[in-house]
Amino acid sequence: MEGFIATGLIGISLGSQYTLLALGFTLIFGILGVVNFAHGGFYVMGGYVAYYCTSMLGLSYPVALLIAVGSTAMLGWLFETLILERVIEDHQATLMVTMGFYLVMATAILMIFGAESPEFSFPIAGVWRAGGVYFPYANMVVLGVCLAAIVLVYWLVYRTNLGRAMRAMAEDRAVASALGMRTKVLFPFAFALATGLAGLTGALVTPILALAPHVGDPVLAFSFLTVILGGLGSVTGATVAAFIVGLVEAYAAVYLGGSKGALTLFVLVLIILVIRPQGLLGKEVRRA
Amino acid sequence: MTTAAATISGYLKQKAPFFGSHEWITLGLVLLAFAIPALTTNPQALSQANLILIAATAALGVYIMLRLDLMSFAVPSFMAIGGYTVAVLSLRLGVTDVVVLGLAAFLVPALCAVPLGWLILRLKGVYFVLVTFVLTEIVQLLLFEAAPLTGGSNGLVGMPAVRFFGFELWDNSHVLLTTTGLAFAGFLVTAIFTRRFRYEFAAIEKNDVLAESLGLACWKYKAMAFAVAAGVSGLAGFALVNMLMTAHPTSFAPMSSVNYITYTIVGGKGSILGTLVGAILLVSATDYFALRGELSPGLFGLLIIVVTLLARGGVIGTVTTLIGSLRARGSRWLGNGPARKAPKGDIR
């Protein structure tokens with residue numbers, strides 16, 4: 001029983017990480033109509049920026065976290081305004097450009113930091129225990145920050161005028177811009193918000209899991225899985241699906257072992273695709 | 001009156017030939033590779049030619065799906081199915097005839113693609129991209145999990161040399177001949193398939209909803225294209241496994257699909273020649289920059305961005321446009337050229 005609860009806690013903290021990634025991914029798709037292949041790249045970049053700030057510059061971890069978020073958001077903003085904006089109307093071109101940008105990012109990180117994974121560990125050690133249930137403090141902090149970020153995103157999207165404008169863009173771009181929503185401001189903002197979330201996740205999670213130039217690939221695959229499961233462009237769908245993915249992965253890894261967890265998820269996603277091609281909470285798919 | 005009749009009969013006579021110039025040039029270039037073993041025995045050159053032909057054949061899977069405006073990441077999965085089919089047949093059942101193996105490497109992936117296509121092709125553009133991407137990850141995991149059949153992380157090692165009507169193809173130049181044969185088969189199938197249905201594909205590429213409402217059974221063409229793309233990818237998988245003499249999961253890594261997409265896009269996605277030219281240029285470039293092997297993904301990424309932003313037709317598209325405008329300028333300058341001809345029904 002204790003093992004069951006401990007696994008559940010791991011699953012929930014995994015789910016909160018996936019939520020941050022999937023929220024960014026789904027925001028970009030919902031608002032810009034772009035599949036961001038570079039999402040894993042921003043995750044890795046967040047991790048490396050945090051690593052550089054703590055290990056090389058000797059800054060404290062919370063400051064490093066903020067710098068990681070700021071720099072990934074900044075790069076996302078620049079990428080959107082300078083490159084993505086030019087091809088925003090052509091879905092295939094946006095795909096190619098983000099994919100190319102991911103390759104450039106991964107190679108740049110490889111050249112700057114080398115292929116070996118650096119020594120980067122979470123500043124808080126120790127394990128919380130209650131009876132037979134163990135939960136590392138590091139995971140607890142990650143869970144807390146992730147939940148706070150999720151609440152912040154929800155507040156931003158559903159309770160502010162900026163969020164209303166973004167949701168209007170997602171609903172119907174033509175009508176929203178005719179009513180005065182400014183694409184030139186909202187698109188870069190949404191993209192920067194999403195890449196900042198990816199950077200935050202990277203800075204939080206890579207000290208626990210692993211930091212290496214290539215860790216963005218599985219992140220991309222899991223973001224895809226989550227948004228397919230939840231329904232592309234749906235914020236609540238992404239959140240629900242991310243927690244399902246986290247829990248299934250944790251329980252399958254413990255009770256089935258090895259890579260069975262990933263396989264279980266893939267099968268789950270295939271079944272969902274047969275029954276509900278638009279995902280769990282997805283609405284009619286936008287033509288993109 | 002007579003001019004109108006002349007125009008119409010001119011149009012009828014202009015009825016586009018089955019193969020355009022690009023198809024002939026492409027097939028000719030692939031055939032030329034048969035001559036390479038006679039010209040050189042340099043193992044470096046032979047392996048380079050091998051790699052180029054395999055890359056080009058694999059990229060055909062991307063090219064075929066792009067005819068329908070679908071971006072496919074599934075090439076490595078079908079390469080793996082084709083490659084492992086050959087490995088299992090030759091190691092477990094002792095089949096070494098290259099024709100039989102080639103047919104199996106085409107048919108097994110194509111048959112696997114039918115139920116998968118039924119599942120995937122109902123999905124619209126972006127979903128198709130995501131699911132084909134996830135599919136390569138699934139196949140990768142399955143290769144590791146299904147150890148009794150695939151050898152798991154050890155792969156299948158020590159394949160016997162293939163035979164062509166009893167003649168054993170074992171040394172470096174023979175391997176290149178096998179690869180060339182497979183590549184030629186792949187290019188021929190692709191050229192015939194994409195030209196045979198070029199009008200249908202063009203209609204679906206432009207606007208599949210409109211095509212559907214005009215009575216075109218889109219799903220049928222999409223399913224066929226998915227199966228043929230899978231089969232051609234399977235041929236590339238056979239060639240790769242045959243060159244390495246092993247079938248190993250790492251040969252079919254999910255991210256390698258990005259390379260095949262790059263070849264097609266940078267070469268020019270509008271023409272089959274673009275796929276070949278893209279593979280030749282980029283595989284050679286990878287080799288040229290091999291001093292810093294890890295740089296090649298960055299180079300590919302940069303090229304993808306530049307081509308997408310500046311030259312949407314890729315190398316072939318840009319060259320074709322250049323030649324066209326030079327010709328137009330030349331004839332205007334001479335003053336006696338015909339007025340600009342109606343486009344020759346050259347729907348790709």
Here the residues of segment B:95-127 lying in the modelled label zone of B:SER173, meaning backbone nitrogen under 17 Å from a point 7 Å along Cα-to-Cβ, are none
Per-pair calculated FRET efficiency, R0 = 30 Å: B:ASN42 and A:ALA115 via Cβ, rounded to 0.05: 0.45
Given the rule -39500 (n - 2.57) for each run of at least 4 DSSP H residues, summed and divided by the residues of chain A, what is its mean residue ellipticity at 222 nm, to the nearest 500 deg cm²/dmol? -24000 deg cm²/dmol
Taking chain B as a Gaussian network, where each spring joins two C-alpha atoms under 10 Å apart, which residue of B:LEU310, B:LEU60, B:LEU216 fluctuates the most? B:LEU310
Restricting to Cα pairs below 8 Å that are 6+ residues apart, what does the relative contact order work out to for chain A? Please round to a whole percent. 37 percent
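Below 8 Å between Cα atoms, with a sequence gap of 6+, how large is the relative contact order for segment B:19-334 in percent?
With pairs under 8 Å counted, the relative contact order is 32 percent.
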Cβ-based exposure ranking for A:ILE10, B:ILE25, A:ILE28, in which fewest neighbours within 10 Å come first: B:ILE25, A:ILE10, A:ILE28
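Taking the Cβ-Cβ separation of B:LEU32 and B:LEU107 as r and a Förster radius of 25 Å, what is the calculated FRET efficiency to the nearest 0.05?
0.35
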Can you count the Lys pairs in the protein assembly as shown whose Cα atoms are under 17 Å apart, with each pair 8 or more apart or on different chains? 11
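To the nearest 20 debye, what is the magnitude of the charge dipole of chain A about its Cα centre, counting +1 on the Cβ of each Lys and Arg and -1 on the Cβ of each Asp and Glu?
In total the dipole reaches around 640 debye.
Taking every pair of alpha-carbon atoms in segment B:253-307, give the share separated by more than 15 Å as a whole percent. Numbers along the way, then the final one.
Details: 651 of 1485 pairs.
Of the Cα pairs, 44 percent sit more than 15 Å apart.
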Quick one: compute a quarter of the convex hull surface over the Cα atoms of segment B:150-210 and quote it in nm². 8.0 nm²
Just subtract the alpha-carbon distance of B:ILE323 and B:LYS220 from 0.36 nm times their residue separation and send over the number in nm, one decimal. 33.4 nm
In terms of the Cα gyration tensor, with a ≥ b ≥ c the square roots of its eigenvalues, is segment B:19-334 rounded because a/c is under 1.5, prolate because a/b exceeds b/c, or oblate? oblate
Picking from B:VAL209, B:VAL108, B:VAL232, which is most flexible by a Gaussian network model of chain B using Cα springs under 10 Å? B:VAL209
Using the Karplus equation 6.51 cos²θ - 1.76 cosθ + 1.60 (θ = phi - 60°), what ³J(HN,Hα) coupling, rounded to whole Hz, does each residue of segment B:156-167 give in order, writing x for Gly and Pro? 9, 10, x, 5, x, 5, 7, 10, 10, 6, x, 8
As a footprinting exposure proxy, order B:LYS269, B:LYS206, B:LYS222 by other Cβ within 10 Å, with the fewest listed first. B:LYS206, B:LYS222, B:LYS269
Grab the DSSP H runs of chain B that are 4 residues or longer, score each as -39,500 (n - 2.57), total them, divide by all residues and round the 222 nm result to the nearest 500 deg cm²/dmol. -23500 deg cm²/dmol
For chain A, set up a Gaussian network in which alpha carbons nearer than 10 Å are linked by springs, and say which option among A:PHE266, A:PHE224, A:PHE189 fluctuates the most. A:PHE266
Express the relative contact order of segment B:126-255 as a whole percentage, based on alpha carbon pairs under 8 Å and six or more residues apart in sequence. 40 percent
Here D for segment A:2-215, in µm²/s, from Stokes-Einstein with a Kirkwood Rh over Cα pairs at 10 °C and 1.306 mPa s, works out to 88 µm²/s
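From other protein chains only, count the Cβ atoms within 10 Å of every residue's Cβ in A:89-96, then give the mean. Walk me through the numbers on the way to the answer.
Values: counts 0, 2, 5, 11, 6, 2, 7, 12.
Mean number of neighbouring Cβ atoms from other chains: 6.
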Translational D (Stokes-Einstein, µm²/s) of the protein assembly as shown at 4 °C and 1.567 mPa s when Rh comes from the Kirkwood sum over C-alpha pairs? 49 µm²/s
Between B:TYR199 and A:TRP155, what is the FRET efficiency for a Förster distance of 51 Å, r being their Cβ-Cβ separation, to the nearest 0.05? 0.45
Counting only other chains, what is the mean number of Cβ atoms within 10 angstrom of the Cβ of each residue in peptide B:133-142? 5
Using a/c under 1.5 as the rounded threshold, could you call segment B:46-85 rounded, prolate or oblate? The axes a ≥ b ≥ c are square roots of the C-alpha gyration tensor eigenvalues, and prolate needs a/b larger than b/c, oblate otherwise. oblate
Taking A:MET105, A:MET140 and counting other C-beta atoms within 10 Å, the order from fewest to most: A:MET140, A:MET105
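Throughout, read-outs are computed from the coordinates displayed, never taken from laboratory work. Quantities reported herein were computed from a predicted structural model and do not represent experimental measurements. Quick reminder, even Gly has a Cβ in these numbers, built from the backbone with ideal geometry, and neighbours come from all protein chains shown.
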